[in-house]
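Quick notes on the structure that follows.
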Amino acid sequence: RGYLDTKTPTLILLGSNAVNLILDVILVANLGMGPQGAGIATTVAEWIAALCFLGVLSGKLPSADAKNIRSDTLDDNTKNASGEVLLTVTPLLDLPKWSSIKPLVVAASSVFLRSIVLQVAMSSAAAMAARSTSDGMIDGSGASASVAAHQVALQLWLLCSFLCDALATASQALVADGIGRGDDNAVREVSQTVFKWGLVLGLTLSTFLWIGTSSGVLIDFFTSDEGTRIELSKLLTIVLLAQPLNSFVFAADGVLQGAEEFAYQAKAMALSVMSAFAMFAVLEYTTFGQEIILGGDNDTLVNVWYGLIALQAMRGITSLVKLVEAPGPINLLGKQVL
């Protein structure tokens, strides 16, 4: 990402996944090694990918555009045919100084804490889904139908999130490049373009999910269990309506990461998770939530998903605050500087 090179990691990951698939067929299907064979296949593929990345970064292997050269022939005056200076990353055995790695440690710590807080929220959602009961449940289905429906809806949510995360990857690299060049106009234009495409992507995902839901294709594809089908139908509407919000949140994540707002994002995630817990608690345990907001139709599983929507909404609000901050790293609504 730092070199704005998306082709190289794509080719490496395609190759490693192909190796994984081939080894799965050999070890699992033909040799009958089961989970052990699958584990070996995945580990071998990961090592191959890691070594390829190290080879490219050290200049020993060419990147997808063939710009990398051997590090032992590189000097400050080495240029390609178009006059660009060719750079490689050469691993060293020396321990770096604290002043050199402090920014990396601070950024990594913030991202780590942010991820932990998010995983706590997702794990709590799964735990509450396992305790879910509603009046519409088929006798005997119990919490198993709720857990199954929750996992199907969550996988659809994650699939859409991975698609939206492509915007985050692109925006992070392009925004960081613009900030590094001191080009405020480019940073603002990239951000605005990413959010426009994010809206298009979100609406497109919602449309496809609506078609799959209204036609019954999605539910038929995932399950034939009647209890799970009933519970899943309640969640799919929430998932499809949330896609424009998800697209904005992921695009904003990428823009703010490009601006190195890691600490702010960690604090915003903590606030967002607290908002999710608060939303669930109000809907599940208070008379105001059950009678006024829900109109007496209380369903723990649906309340869990309302909490997840509250989490995303607060992420969107906190991101927007930082994006439009003036003066700020993005100043999304600012005027072009001539």
query = THR10 to TRP197: extension gain in nm, 0.36 nm per residue of separation minus the Cα-Cα distance?
reply = 65.2 nm
key: Which listed pairs, of LYS60/LYS102; LYS234/LYS322; LYS60/LYS267, have C-alpha distances above 32 Å, in listed order   = LYS234/LYS322; LYS60/LYS267
ask   = Roughly how big is the chain's charge dipole about its Cα centre, with Cβ charges of +1 (Lys, Arg) and -1 (Asp, Glu), in debye to the nearest 20?
value = 740
key: Nearest 10 degrees, 0 to 90: helix 7-24 Cα axis against the chain principal axis   = 60
key: Residues of the chain: accessible area per residue with a 1.4 Å probe, Å²   = 56
Relative contact order (percent, whole number), region 277-334, Cα cutoff 8 Å, 6+ residue spacing = 23
task = Note down the magnitude of the dipole of region 167-264 about its Cα centre, charges +1 on Lys and Arg C-beta and -1 on Asp and Glu C-beta and zero elsewhere, to the nearest 20 debye.
result = 240
remark   = For the chain, longest principal axis from Cα atoms; helix 243-258 axis from its Cα atoms; angle between them, nearest 10 degrees, is 30
ask   = Points 7 angstrom from Cα along the Cβ direction at ARG181 and ALA107: gap in nanometres?
value = 1.9
ask   = Given the Cα atoms of the chain, and with Rh set as the inverse mean 1/r over their pairs in the Kirkwood sense, what is Rg to Rh to two decimals?
value = 1.03
inquiry  = If I model a spin label at PHE208 and THR286 as a point 7 Å from the Cα along the Cα→Cβ vector, what separation in nanometres do I get?
reply    = 3.8
ask   = Shape call for region 98-238 from the C-alpha gyration tensor, a ≥ b ≥ c root eigenvalues: rounded (a/c under 1.5), prolate (a/b greater than b/c) or oblate?
value = oblate
key: the chain: relative contact order in percent, alpha carbon pairs under 8 Å with at least 6 residues between   = 18
remark   = Under the 7 Å Cα-to-Cβ spin-label approximation, LYS60 and SER115 lie apart by a distance in nanometres of 2.6
query = With the Cα gyration tensor of region 202-296 giving a ≥ b ≥ c as the square roots of its eigenvalues, does the rule (a/c under 1.5 for rounded; else a/b larger than b/c for prolate; else oblate) give rounded, prolate or oblate?
reply = oblate
message = Please give the Cα centre distance for region 9-58 versus region 200-232, rounded to the nearest Å.
response = 32
key: J(HN,Hα) series, region 112-117, from Karplus relation 6.51 cos²θ - 1.76 cosθ + 1.60, nearest Hz, glycine and proline x   = 5, 5, 4, 5, 4, 4
GNM top mover of VAL187, VAL324, VAL273 - the chain, alpha-carbon springs below 10 Å = VAL324
query = Can you work out the base-10 log of I(q)/I(0) for region 177-258 at q = 0.12, 0.14, 0.15, 0.18 1/Å, using the Debye formula on its C-alpha atoms alone?
reply = -0.49, -0.59, -0.64, -0.76
inquiry  = Can you tell me the length gained on complete extension of the stretch ASP225 to ALA127, counting 0.36 nm per residue apart and subtracting the Cα distance?
reply    = 33.2 nm
task = Would you mind computing Rg(Cα) / (2.2 N^0.38 Å) for region 171-213, counting N as its residues?
result = 1.59
query = Helix 142-180 versus the longest principal axis of the chain: what angle, 0 to 90°, nearest 10, using Cα atoms?
reply = 30
query = Round to a whole number: what % of the accessible area of the chain belongs to carbon and sulfur, probe 1.4 Å?
reply = 66
remark   = If unit charges are put on Cβ atoms (+1 for Lys and Arg, -1 for Asp and Glu) and the dipole of region 144-279 is taken about its Cα centre, the option from LEU235, SER247, VAL147 lying farthest towards the positive end turns out to be LEU235
task = Work out the charge dipole of region 94-224 with +1 on the Cβ of Lys and Arg and -1 on the Cβ of Asp and Glu about the Cα centre, then indicate which of ALA186, ILE101, VAL175 is farthest towards its positive end.
result = ILE101
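The values are calculated or read from the model by the stated rules, or taken from the named source; none is laboratory data. Note that the coordinates shown come from a computational prediction; the quantities given were computed from them, not determined experimentally. A quick note on method: Cβ atoms are made from the backbone with ideal geometry, for glycine too, and the neighbour counts reach across all protein chains shown. Keep in mind that these areas ignore ligands, DNA and RNA; they rest on the heavy atoms of the full protein, side chains included. Shrake-Rupley method; radii C 1.70, N 1.55, O 1.52, S 1.80 Å.
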